[in-house]
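Okay, structure first, notes after.
The values are calculated or read from the model by the stated rules, or taken from the named source; none is laboratory data. Predicted model, so just to flag it, every value in this text is computed and none were measured. Cβ coordinates were reconstructed from backbone atoms using ideal geometry, including for glycine residues, and neighbour counts include every protein chain displayed. When the accessible area is computed, the model is the full protein with side chains, heavy atoms only, and any ligands, DNA or RNA have been set aside. Shrake-Rupley method; radii C 1.70, N 1.55, O 1.52, S 1.80 Å.
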Amino acid sequence: MGLLDIIGPVMIGPSSSHTAGACRIALLARHLLGEKPLKAEFGLHGSFAKTGAGHGTHLALVAGVLGFKPDDPRLKESLRYAQEEGLEVAFKDVELGEVHPNTVRIALEGEKERVVVTGSSLGGGVVRVFDLEGFEVRITGQAPTLVVKNVDTPGVVARVARVIADDEVNIAYLTVSRKKRGAEAMMSIELDRALSKPALDYLAYLSYILWVRMLPPVMEG
């Protein structure tokens, strides 16, 4: 157990779960989009829906989508910054089933891309994104994370792992999921460090790779 597990993260308050955690989930969603977001819709589940407004969840989610970290003083005025940036924001209450009560589904749209991300704030600022476009993933924001969407064809996981190894990077945790055999699949891979640009460019060049994202850690601030 570390000091942050006891006292919580450095953040703009009042709640590590409802502000720091919410901000980090939204920040991960922005990185997954891979471009400047133009529209953001937040589906609030459970406690986020019932008490989020009073705990600053709405402000924190918008702040994360704007690229702000939990300790950024601009968090409290994130709605104003969103308006200045031309970011359209909408909130609604949703029922997401048997998931953590502090859960949000974020739909982001940019000029070229759109992603739907679902994640939970687990307490003390700790988060987990567990669904990306309907695929099961494991993205905690605690380590550099490679996310790959690919055609489900034999050998893809091995090829991606070889590229990582050739870049002299170790895999810490790997999740693979698919909706249907031979259709599309998703990998989320926590790494010891981020892949180099040549390695990422090579992966993106492969015909069976649909898109690649290299997510930075978001737990440090």
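Numbers below:
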| read-out | value |
| --- | --- |
| Carbon/sulfur fraction of accessible area - the chain, other protein chains in place, 1.4 Å, % | 50 |
| Residue of ALA194, ALA158, ALA20 that the Gaussian network model of the chain assigns the largest fluctuation, springs spanning Cα pairs under 10 Å | ALA158 |
| Under 21 Å from LYS36, Cα to Cα: lysines that are on another chain or at least 8 residues apart | LYS69, LYS76, LYS112, LYS149, LYS197 |
| Length added when fully stretched, TYR173-GLU111, from 0.36 nm per residue minus Cα-Cα | 19.1 nm |
| Cα shape, region 85-195, gyration tensor, a/c 1.5 rule | prolate |
| Where region 17-68 is the region considered: accessible area per residue in Å², 1.4 Å probe | 27 |
| Convex hull volume of the chain per residue (C-alpha atoms, cubic angstrom) | 122 |
| ³J(HN,Hα), Karplus 6.51/-1.76/1.60, whole Hz, each residue of region 200-213, x for Gly, Pro | 5, 4, 5, 4, 5, 6, 5, 5, 8, 9, 8, 7, 9, 10 |
| Residues with amide H under 5 Å from that of GLY125, placed H, sequence gap 5 or more | SER17, GLY21 |
| Per-peptide average of other Cβ atoms within 10 Å, ordering 93-99, 28-34 highest first | 28-34, 93-99 |
| Loop-resident sites, region 117-189, for trypsin sites (Lys or Arg not before Pro), counting at most 15 other Cβ within 10 Å (DSSP) | LYS179, LYS180, ARG181 |
| Region 145-188: relative contact order in percent, alpha carbon pairs under 8 Å with at least 6 residues between | 57 |
| Solvent-accessible area per residue for region 158-199 (1.4 angstrom probe, square angstrom) | 61 |
